[in-house]
């Protein structure tokens, strides 16, 4: 049997995808906190435009532009990190599914070999399906063993590549300098598809549009796009819909999202997700906790509002 052993230790280097998604949430909250602080300061700073009249006024007022740019860069960088981790988590989730199938096949192979070795002291490379076990695929034992080794190697390689791509994206986020262009999936710091979606969503927000239409549009966005939108529109997304869609429709919409889209919405639109009947309570609980934490830490939240929280 020793010559037919299969080293599966490399298969257990796969992390827990749920833990990856949970670990990134504090990063998002810290980034959102910095963005909120900049937005709060920007609101106060912009008031100087009407009150400050002096020859140097344009220069003074322009001093805040780099701070605003830094806020935008923080959001873009956080989106890059979040997107990379969500892609990695989704890949790992699929690899874990394949791993279980592979481990089952390996266990079945060893079981059939033990039965066969108990009957026959030596191997016939042309063993038939009947002599090797009723569940045998029809391959000779040596061929099946070789195929299982190949599958183990492929799965380990797929994980190493997914990990490499994730690390490459995360390391691409560096200290922001005007001379260094930011890294962003797709090669640019702007995303026309997201800009279009944001404009459409703002139109729906201002006109009290159909919540179902908004949910449908969210479904077309990637996890990174959802987070980007959520961080830019955090004030609006702290509240639920005034007229929520029917529970059955919400349930169907949520079930139609990918796992990483769901994870992204929990942190990107916590107020909406936390107050939407039809979404599982576990996801709503995470969203509500993230929402309360974000509001409490926002410098614009009054002492009275904190007391209520």
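Each value in this text was obtained by applying a stated rule to the coordinates, not by laboratory testing. It should be emphasised that the depicted structure is a prediction, and the values quoted were computed from it without experimental measurement. Neighbour counts run over all protein chains shown; Cβ positions are idealised from the backbone, glycine included.
Could you list 258, 220 in order of exposure, starting from the residue whose Cβ has the fewest other Cβ atoms within 10 Å?
Details: 258 14, 220 11.
Going from least to most buried by this count: 220, 258.
Obtain the nm distance between the two label points defined at residue 64 and residue 168 by a simple spin-label model: each point lies 7 Å from its Cα along the Cα-to-C-beta direction.
4.1 nm
Show log10 I(q)/I(0) for segment 192-308 at q = 0.13, 0.14, 0.15 Å⁻¹, two decimals, from a solvent-free Debye sum over equal Cα scatterers.
So the normalised log intensities are -0.48, -0.55, -0.64.
Based on the Cβ-Cβ distance of residue 281 and residue 54, what FRET efficiency does E = 1/(1 + (r/R0)^6) give at R0 = 41 Å, to the nearest 0.05?
So, using R0 = 41 Å, E works out to roughly 0.10.
Quick check for you: which residues of segment 234-266 have the amide N under 17 Å from the point 7 Å beyond the Cα of residue 292 toward its beta carbon?
It comes to 238-240, nothing else.
How would you rank 260, 105, 235, going from fewest to most other Cβ atoms within 10 Å of each one's own Cβ?
Neighbour counts put them in this order, fewest first: 235, 105, 260.
With a Förster radius of 25 Å, plug the Cβ-Cβ distance of residue 29 and residue 302 into 1/(1 + (r/R0)^6) and report the FRET value to the nearest 0.05. Display every interim value, and only then the final one.
Details: r = 20 Å, r/R0 = 0.79.
Rounded to the nearest 0.05, the efficiency is 0.80.
Between residue 142 and residue 16, 0.36 nm times their residue separation minus their Cα-Cα distance comes to what?
Difference between extended and current length: 42.0 nm.
Under a crude label model (7 Å from the Cα following the beta-carbon direction), how far is residue 7 from residue 40 in nanometres?
5.5 nm
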